[in-house]
1. If I filter region 36-43 for residues that are in contact (Cβ under 8 Å) with a residue 12 or more places away in the chain, under 27 Å from residue 148 (Cβ atoms) and surrounded by fewer than 17 Cβ atoms within 10 Å (Cβ to Cβ), do I get at least one hit?
2. Assuming residue 176 fulfils every condition listed in (1) surrounded by 22 or more Cβ atoms within 10 Å (Cβ to Cβ); (2) closer than 22 Å to residue 23 by Cα apart from one, which condition is it?
3. Just checking, which of 193, 188 is surrounded by 17 or more Cβ atoms within 10 Å (Cβ to Cβ), assigned to a helix (DSSP H, G or I) and in contact with a helix residue (DSSP H, G or I) (Cβ under 9 Å, 6 or more places away or on another chain)?
4. Tally the residues that are at pLDDT below 95 and in a strand (DSSP E or B), restricting the search to region 20-45.
5. Looking at (1) modelled with pLDDT of 95 or more; (2) part of a strand (DSSP E or B); (3) closer than 22 Å to residue 206 by Cβ; (4) more than 16 Å from the chain's Cα centre (by Cα), which one does residue 81 not meet, given that it meets all the others?
6. Which condition from (1) surrounded by fewer than 16 Cβ atoms within 10 Å (Cβ to Cβ); (2) free of Cβ contacts under 8 Å to residues at least 60 places away in the same chain is the one that residue 65 breaks?
7. Could you tell me which numbered condition residue 136 fails, if it satisfies all but one of (1) within 27 Å of residue 47 (Cβ to Cβ); (2) in contact with a helix residue (DSSP H, G or I) (Cβ under 8 Å, 6 or more places away or on another chain); (3) in a loop (DSSP other than H, G, I, E, B)?
């Protein structure tokens, strides 16, 4: 069986930057074990699988190790594939996912997504967190991810955490963030528990980042950089119960895989 595959660099306007995601449109769902094997073989942070049989297309995301409930950059990449390769002509597209219906809007070269808003709750730092991150937290908040606020953008950029120690914390991932120098805020995202030492750009972490920085900076429209090695640019809006996240995408690869 041959399956189309596209590799898209998301949250960037420049190839070889942003976060690469594989997108595989399917005629019908394959066994979960097969989907997981494909994601492991691709060895990208996320592989998106989408079945577009009538109505609202169904979208699922897999890391090399497991299926996840929400992924921003692979959703943006999938919407990009529909527009660029699958002759989708409308100004918006919706996907049915494990996190509910996710909508992506097209505006020129920009794609914007609306996600459920998931603000973090202030909490005590888990044991040995400063040792694992090799930096002293200023604040720690918990949601699906653990969010750690530190002092400066330069500290976020220089961060070299102990990935094995981070794997011991019972959260999907660890967000480290600070106020930005030339943007509103910066972040990095580490998710060794789901097989990703560091994610280049993480749309889903911004459902927690945006409410925090909107409150701290007293503004609803925010610009953000994820300052991983590849880097990515996000344009965000804090809404009443949702978060809008926008970015660009570019194509790297289009082909077929044999299964």
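The values are calculated or read from the model by the stated rules, or taken from the named source; none is laboratory data. Just so it is clear, the model here is predicted, and its values are computed rather than measured. Heads up, the Cβs are rebuilt from the backbone with ideal geometry, glycines too, and the neighbour counts pull from every protein chain shown.
1. The answer is no; no qualifying residue exists.
2. Answer for residue 176: the failing condition is (2).
3. Every option except 193 fails the conditions.
4. Looking only at that region, the number is 0.
5. The single condition residue 81 does not satisfy is (2).
6. (2)
7. It fails just one condition, (1).
Results for (1) in a loop (DSSP other than H, G, I, E, B); (2) without any contact (Cβ under 8 Å) to a residue 60 or more places away in the chain; (3) at negative phi; (4) assigned by TED's automatic domain parsing to the domain that holds residue 69, shown as yes or no for each residue.
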position	(1), (2), (3), (4)
154	no, yes, yes, no
161	yes, yes, yes, no
170	yes, yes, yes, no
177	no, yes, yes, no
198	no, yes, yes, no
201	yes, no, yes, no
